[in-house]
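Inspection log for the structure reproduced underneath, given as structure tokens.
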Amino acid sequence: MNVVFDFGAVLFRWHPASFLARVWPQRVADAESGRAVATEFFQNYSGDWGAFDQGLIDAATVIERVATRTGWPRAEVEQVVRAVPDELQLLPDTVELIKDLKQAGHRLFYLSNMPEPYADHLERHYPLHEWFESGLFSGRVKQSKPGAEIYRLAIERFGVPPASCLFLDDHPANIEAARAAGWQALQFSDAAAMRPQLQALGLLL
């Protein structure tokens, strides 16, 4: 099986509400109140942030656009954008899952919505080339999930049939798009919950 991993909230920590509570305590008291602020800031990964994800605008431009759209001070918006790499901490249980899947003989790839600066950060700080044969970052191919084109580009890059791919992603829309593209897909919550599902498919002992 070709197992394809998403990154945010799958291999790397990404919880926008608690992230904003940590970075913006003056605006966000806790994760509960952070949900609405996160929706306004990241626009559910469409709009300004979606363009940043796709590599259509750079960090300076997304900062300017978010500040203009929301009225938040530019310096505060920049603080959030610059702090994202620190939020993307490795999830050790997923690393163990990756190692076990490789040990079982499966090929591993990744498909991540990630702006170029953050993709560069992850490549500098983590051995992605040891864990995965290949992968796609949205910011480098100018396409993003759940758009159909990025799944086509991924298959082209990986050189495998769609039906042989099992996609692990935390967003239902991305799972649905993968299935529409002919992939198998499972929604990821955490590595512990994923293990029995992979065992049921015969991918792990």
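The values are calculated or read from the model by the stated rules, or taken from the named source; none is laboratory data. In this text, all values refer to a predicted model and were calculated from it rather than measured experimentally. Don't worry about glycine lacking a Cβ; one is built from the backbone with ideal geometry, like all the others, and counts go over all protein chains shown. Calculation scope for accessible area: heavy atoms of the full protein, side chains included, ligands and nucleic acids excluded. Shrake-Rupley method; radii C 1.70, N 1.55, O 1.52, S 1.80 Å.
May I ask you to list the residues in the range 30-53 that are among the acidic types (Asp, Glu) and within 19 Å of residue 8 (Cα to Cα)?
Residues satisfying the conditions are 40, 48, 53.
Within the range 8-63, can you find the residues that are assigned to a helix (DSSP H, G or I), open to solvent by 60 Å² or more (accessible area, probe 1.4 Å) and within 15 Å of residue 85 (Cβ to Cβ)?
First, the residues of the range 8-63 that are assigned to a helix (DSSP H, G or I): 16-23, 31-45, 47-53, 59-63.
Narrowing the set further to residues that are open to solvent by 60 Å² or more (accessible area, probe 1.4 Å) leaves 22, 32, 35-36, 39-40, 44-45.
Of everything in the range 8-63, just one residue is assigned to a helix (DSSP H, G or I), open to solvent by 60 Å² or more (accessible area, probe 1.4 Å) and within 15 Å of residue 85 (Cβ to Cβ), namely 22.
Only one residue in 76, 116, 133 is over 16 Å from residue 14 (Cα atoms), among the acidic types (Asp, Glu) and under 13 Å from the mean Cα position of the chain (by Cα), so which one is that?
Sole residue among the options that is over 16 Å from residue 14 (Cα atoms), among the acidic types (Asp, Glu) and under 13 Å from the mean Cα position of the chain (by Cα): 116.
Tell me which residues, restricted to the range 158-182, are in contact (Cβ under 8 Å) with a residue 40 or more places away in the chain and either farther than 21 Å from residue 94 by Cα or of a type in the set (Ser, Thr, Tyr) (or both).
Listed by number, the residues that qualify are 158, 160, 164.
Output the residues belonging to the range 91-109 that are in contact (Cβ under 8 Å) with a residue 60 or more places away in the chain and not in a helix (DSSP H, G or I).
91, 104, 106, 107, 108, 109
Please go through the range 142-176 and give me each residue that is in a helix (DSSP H, G or I) and over 15 Å from the mean Cα position of the chain (by Cα), ordered by number.
Of everything in the range 142-176, those that are in a helix (DSSP H, G or I) and over 15 Å from the mean Cα position of the chain (by Cα) turn out to be 148, 149, 152, 153, 155, 156, 157, 158, 162, 163, 164, 176.
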